[in-house]
1. Going by amide H atoms built from the backbone, whose H comes under 5 Å of the H on residue 306, apart from near neighbours?
2. Running a GNM on the chain with Cα contacts under 10 Å, which residue among 36, 64, 91 ends up with the highest mean-square fluctuation?
3. Obtain the nm distance between the two label points defined at residue 28 and residue 192 by a simple spin-label model: each point lies 7 Å from its Cα along the Cα-to-C-beta direction.
4. Which cross-chain or sequence-distant (5 or more) residues have an amide H under 5 Å from the amide H of residue 38, H modelled 1.01 Å from N in plane?
5. Which of [x] 150; [y] 137; [z] 162 is the computed volume of the Cα convex hull per residue in Å³ for the structure on display?
6. So what is the 222 nm mean residue ellipticity for the chain from helices alone, if each DSSP H run of at least 4 adds -39500 (n - 2.57) and you divide by all residues, rounding to the nearest 500 deg cm²/dmol?
7. Determine ³J(HN,Hα), in whole Hz, for all residues of segment 162-171 in sequence, where each value follows from phi through the Karplus function 6.51 cos²θ - 1.76 cosθ + 1.60 and θ = phi - 60°; x replaces Gly and Pro.
8. Rounded to the nearest 0.05, what FRET efficiency do residue 175 and residue 105 have when you use their Cβ-Cβ distance and R0 = 22 Å?
Amino acid sequence: MKIGILTLQLYTNYGGILQAYALQNHLKEMGHDVWFIDREINYNLPLLKVPLVLSKRITKKYLFNNKNVDLFFESKLKKESAIATRKTKLFINDKINPKITIANLNKLSKNCFDAIIVGSDQVWRPRHFMPIENAFLSFAKKWNIIRISYAASFGSDQWEYDCKQTRKCSKLLKQFDAVSSREDSGVKMCSKYFGVNSIQVLDPTMLLKKENYIDLIKKNQSPKSVGDLFIYMLDSDQQKLEMINIVAKNLNYIPFYSSTDSNFEPLEKRIATEVEIWIRSFYDAKYILTDSFHGCVFSILFNKPFIVFGNEIRGLSRFNSLLKMFDLEDRLIINNKDILDIIKKPIIWQKVNGILEDEKNKSIKFLINSLTSKQKIHV
């Protein structure tokens, strides 16, 4: 069966890249012909918005003397993105193939695929996928294909759709043959706002074994990490820095860091290293501090003790759902919770791995049943 995967655009987000790789890889192992639907990144403002946006920026920069305002922000972002992504693109171009690269999803042919799988990551969050209706296959509403969402995430437990989006997406989702979400909150929202039943499944990265990721490290000959305490923070602040120092001092570990994908950080902090080196960081670390969802995921996959800082801006429900599944809610720190209480608290990995195996079997069964229960033929 020829399957298309539709997810967020791949950039420097390691978790986003690896969830796409993992789902594509797993489907290929099932014997399918799998293609990644790669949407080109458009850095330009719509022409109709240029006069208004530019006038606002001029006002802020010169009238209010805001030196941080860049009049030509989109041009700057495009140039900086080329620098920040040059190493992650090596993995994307080599490992996530074949691709159909397209600027407008409406230009896809109805004969391209037998099935399209939407997911994973925050593909159902309006701020990340625009127009959001396309994440529910509005461009393919008349196609005779199998429609599946796998581990699609709303990114938040707060409803972020307006009335028009809710109505349109509800109608589109009712056309799907199988619906699943990555978070338990997503399952509830599918029912409450769309009137559609769904189940919770694992993030695609957890469908692969730890050994699959170790093979990537070995083939890339990734160098050994330079410390013991891996720090993967997407959004840094003074409080987190203080916590890092506390953990490093108490465990007598040497911190080492990864890049961030936050556009608010300087370019030098956003230049992403190779994906394999990021994976190696989990393999080498003795302890992990993160505020990233996939930072938690890979800590679990590699059985490394970790603490996660609640990231409300990027969606706290994702952390709650993942940690609840593995009975690891006590690894989450929000606000000023005392980190000393959990630094040396052991994780019972035998229990965690047992849950992982059960959830993996459930998730794989969902994929198999979804792709085989309703075979469609192009007309």
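Values in this text are rule-based calculations from the coordinates and carry no lab data. Everything numeric in this text was worked out from a predicted model, so none of it was measured. Note: ideal-geometry Cβ built from the backbone for every residue, glycine included; neighbour counts use all protein chains shown.
1. It is 288, by chain and number.
2. Looking only at 36, 64, 91, the biggest GNM fluctuation is shown by 64.
3. 3.9 nm
4. Amide H neighbours of residue 38, under 5 Å, 5+ apart: 100, 101, 102.
5. Among [x] 150; [y] 137; [z] 162, the one derived from this structure is [x].
6. -12000 deg cm²/dmol
7. Karplus-based 3J(HN,Hα) across segment 162-171 equals 7, 4, 5, 5, 4, 5, 5, 5, 4, 4 Hz.
8. Working: r = 16 Å, r/R0 = 0.72.
The computed FRET efficiency comes out at 0.90.
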